[in-house]
Structures are given as structure tokens and as C-alpha cells.
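Peer 1: Encoded as C-alpha cells, here's the structure I'll be asking about.
The values are calculated or read from the model by the stated rules, or taken from the named source; none is laboratory data. In this text the structure is predicted, and so the values were computed from the model without any measurement. All Cβ positions, even for glycine, are placed from backbone atoms using ideal geometry, and neighbour counts span all protein chains on display. For accessibility, only protein heavy atoms count, side chains too; no ligands or nucleic acids. Shrake-Rupley method; radii C 1.70, N 1.55, O 1.52, S 1.80 Å.
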Amino acid sequence: MSSNDEIIKTENLTKVFGSGKKAIKAVDDVSISIKKKEVISLVGQSGSGKTTLARMLLRLLKPTAGKIIFEGQDVTNIEGKEKKAYWRKVQAIFQDPYASFNIFSPVKKVLLDAFKLFDNKFTKEEKWRMVCESLEAVNFRPDEVADKFPFELSGGQRQRVMIARAHLIKPELLIADEPTSMIDANLRSGILELLLDLRDTEGTTIMFVTHDLGLAYYVSERLLIMHEGKIVEEGEADKIISEPDHPYTKQLIADVPKLSEEWLLE
Ligand SMILES: Nc1ncnc2c1ncn2[C@@H]1O[C@H](COP(=O)(O)OP(=O)(O)OP(=O)(O)O)[C@@H](O)[C@H]1O
Ligand SMILES: [Mg+2]
């Protein structure tokens, strides 16, 4: 499929780690297409290749083979300025946000540095006001965290800072890899709603990456089911849950007791 309402697609995308007998095909010949403004989830068990696929889409990891096309342009090999422009449009919230912060930067610098991605014409005061708004959006009082270093925060707090950063940048495509895995249950749904609001207010396309089919079903319109590096099933979330085709999808559904019970009752 190729049309104007498509934001990103991959063609036969593959990533092999290592070589010879030890080679691992983490992503195996994946061709997917994501529409503008859709909320889609990439679902699969641990080790199925989700993060590897996400990191290639983000151009943080070089594919072994295949292509990535963003808004009609081949971005598989872009570097330098083009890559910076790409990161203005495509942003991530990571599973392990610790790895993506500069540990020597306090939170306010992490967030203010996001403006380097813009050709920014904002004044210092404007930037600071936007940083404060983003921190408040993820339930922080700006003065409680602005001067803290990443190692002084909990895992969930670091994830909230990353979400604040995404909120600040307002990318066209947001790839959220287990974005709330470390966030307390009582804050989690509010934070998910905040991400979904970005789609409604800014038209952000969102790809959630998760092993949690229940969460994926709750937040998304379409699902991509990943198993051993391959997309084994894709389609509307309702359709996949009610009429799964692939044995692996059936297994995933059976593993979420609430989901299978809900559908059995119908
Ligand atoms: N940098 C790397 N070097 C070597 N092997 C890797 C590397 N990154 C991932 N792998 C391997 O690739 C496979 C897929 O890993 P990946 O992190 O993409 O899985 P995942 O679906 O995101 O899992 P999880 O749900 O646990 O996050 C695994 O077998 C993993 O060990
Ligand atoms: Mg992962």
C-alpha cells in the first residue's frame, strides 16, 4: 500500500545481530505500513524483535536489509542534517529511559535541549514556559524536578520526563516502547490519555510497542502481532481479538484472562 494517508512504511526490513552460527535474526523481512494519525500497537512477547524494529524506524539502528520510507522519502540511509530533521518528526519514549538521557544533565537541560531539534525562534522565557507546561502535563511540579539529575529520579519519574519531552517536541510520529512500564498504576491511565490526546490535538501518529495485549487493545485501533522477528498478523484491534488467525495470536489472547472472558461472554 502506498498513499497520501501513509506516514511510514517498511519494505522487507531485516536486522541480523552477530554472524555465523551465533547470528540472531531479530527482525525478519518485515513490511508494514502505518497511516497518518492512527494509533497502532506492535505486540509480541519478550525477545520477539519489537524494540529492534522500533529502533530501526527511529534510525537509531542500521537495518541489515530492507527499506524505511517516511512520507514518501527513503530514509534508510539518511545522515547528518537530514537525520536531525527526521528526529524532529519522529520521536520515541523508551522502555529504559535511563539509557537515553545524558546523566550529567539536569531535567531542565534535558528538556531545554529538545529545542535544538527546532529551528527555534523562541525566547528563553517562552522555552521555559513550554518546559513547565510539559512537566505539569505529566503531573510534576516543575520546581520539584527541574534541577534533579536523571539518577536522582525513579524509573517511572524518568519515563514521565521522556513523555514530557515528547509532549514538548510534538512529533508527527511517536514511537512509545513500553512507555509506562515503570509508572505507578494510579498515574498510568492518565499518562496514556495524555499521549492519546496528542493524536487528537496535534494529529500525532502513535505506535505503541508492548508485550501487553490488553494495553494494546485498550489504546489502539490497529495491531501488529510480532513473533520471532516476523509480523504474523495485523489488522483492526477488534477483529484480531474476536477472530484471531494465527496460533500465536490465539495464545496471546488466552494469556490475557480478562480479554478472553470478555469475548467468551458475547
Ligand atoms: N544489540 C544487540 N546485540 C545482539 N543481540 C541483540 C541486540 N539487541 C537485541 N538483540 C536480540 O534480538 C532479539 C530481539 O530483541 P528485542 O530487544 O528487539 O526484543 P523485544 O521484543 O523488544 O523484547 P522485550 O519485550 O523484552 O523488550 C533478542 O533475541 C535479543 O537478544
Ligand atoms: Mg523491547
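Peer 1: Taking 2.2 N^0.38 Å as the expected size of a compact globular protein, what ratio does the Cα radius of gyration of segment 72-218 give against it, to two decimals?
Peer 2: Ratio of Cα Rg to 2.2 N^0.38 Å: 1.03.
Peer 1: In whole angstrom, how far apart do the alpha carbon centroids of segment 209-253 and segment 115-145 sit?
Peer 2: The distance from the Cα centre of segment 209-253 to that of segment 115-145 comes to 36 Å.
Peer 1: Considering only Gly80, Gly72, Gly20, give the residue with the highest GNM mean-square fluctuation for the chain, with springs between Cα atoms whenever their separation is below 10 Å.
Peer 2: Top of the fluctuation ranking is Gly20.
Peer 1: Whole number in Å², please: accessible area per residue of segment 6-233, 1.4 Å probe, ligands, DNA and RNA not counted.
Peer 2: Accessible area per residue, segment 6-233: 46 Å².
Peer 1: Placing +1 at every Lys and Arg Cβ and -1 at every Asp and Glu Cβ, with all other atoms neutral, what dipole size does the chain have around its Cα centre, in debye to the nearest 20?
Peer 2: The calculation lands at about 1380 debye.
Peer 1: Summing +1 for each Lys or Arg and -1 for each Asp or Glu, what net charge is found among the other residues whose Cβ lies under 13 Å from the Cβ of Glu11?
Peer 2: -1
Peer 1: Stick to the Cα atoms of segment 162-215, pair each with every other, and give me the Kirkwood hydrodynamic radius in Å at one decimal.
Peer 2: Kirkwood radius, segment 162-215: 11.5 Å.
Peer 1: If you build a Gaussian network model of the chain, linking Cα atoms that sit under 10 Å apart, which residue out of Leu112, Leu174, Leu53 swings the most?
Peer 2: The residue that fluctuates most here is Leu112.
Peer 1: How many percent of Cα pairs in segment 185-266 exceed 16 Å?
Peer 2: 56 percent
Peer 1: Something else now. I need the shape label for segment 58-128. Rule: rounded when a/c is under 1.5, else prolate if a/b > b/c, else oblate, with a, b, c from the alpha carbon gyration tensor.
Peer 2: oblate
Peer 1: Could you sort Ser41, Ser31, Ser19 by their accessible area in this structure, using a 1.4 Å probe and putting the largest first?
Peer 2: From most accessible down to least: Ser19, Ser31, Ser41.
Peer 1: If a/c stays under 1.5 just call it rounded; otherwise compare a/b with b/c (prolate if a/b is bigger, oblate if not). Do that for segment 118-203, with a ≥ b ≥ c from the square roots of the Cα gyration tensor eigenvalues.
Peer 2: Oblate.
Peer 1: Can you work out the base-10 log of I(q)/I(0) for the chain at q = 0.14, 0.16 1/Å, using the Debye formula on its C-alpha atoms alone?
Peer 2: Rounded to two decimals, the profile gives -1.01, -1.28.
Peer 1: Using a 1.4 angstrom probe on heavy atoms only, work out the carbon and sulfur share of the accessible area of segment 6-233 in %.
Peer 2: 50 percent
Peer 1: Return the FRET efficiency for the residue pair Glu202, Phe17: r is the Cβ-Cβ distance, R0 is 25 Å, and the value is rounded to the nearest 0.05.
Peer 2: Efficiency for this residue pair is about 0.10.
Peer 1: Oh, and also: Take the cross-link list Lys21/Lys84; Lys37/Lys67; Lys108/Lys239; Lys89/Lys258 and give me the ones stretching past 32 Å between alpha-carbons.
Peer 2: Distance filter (> 32 Å) returns Lys21/Lys84; Lys108/Lys239; Lys89/Lys258.
Peer 1: To continue, here is another question. Relative contact order of the chain, please, whole-number percent, based on alpha carbon pairs below 8 angstrom and at least 6 residues apart.
Peer 2: Computed over the chain, the figure is 25 percent.
Peer 1: Suppose the Debye formula is applied to equal point scatterers at every Cα of segment 1-157; what is log10 I(q)/I(0) at q = 0.12, 0.15 Å⁻¹?
Peer 2: Values returned for q = 0.12, 0.15 Å⁻¹ are -0.69, -0.99.
Peer 1: Based on the alpha-carbon set only, what is the convex hull volume of segment 195-241 divided per residue, in Å³?
Peer 2: 80 Å³
Peer 1: Given the options Gly18, Gly47, Gly66, which has the most mean-square fluctuation in a GNM of the chain, springs set between C-alpha atoms less than 10 angstrom apart?
Peer 2: Of the options given, Gly18 has the highest mean-square fluctuation.
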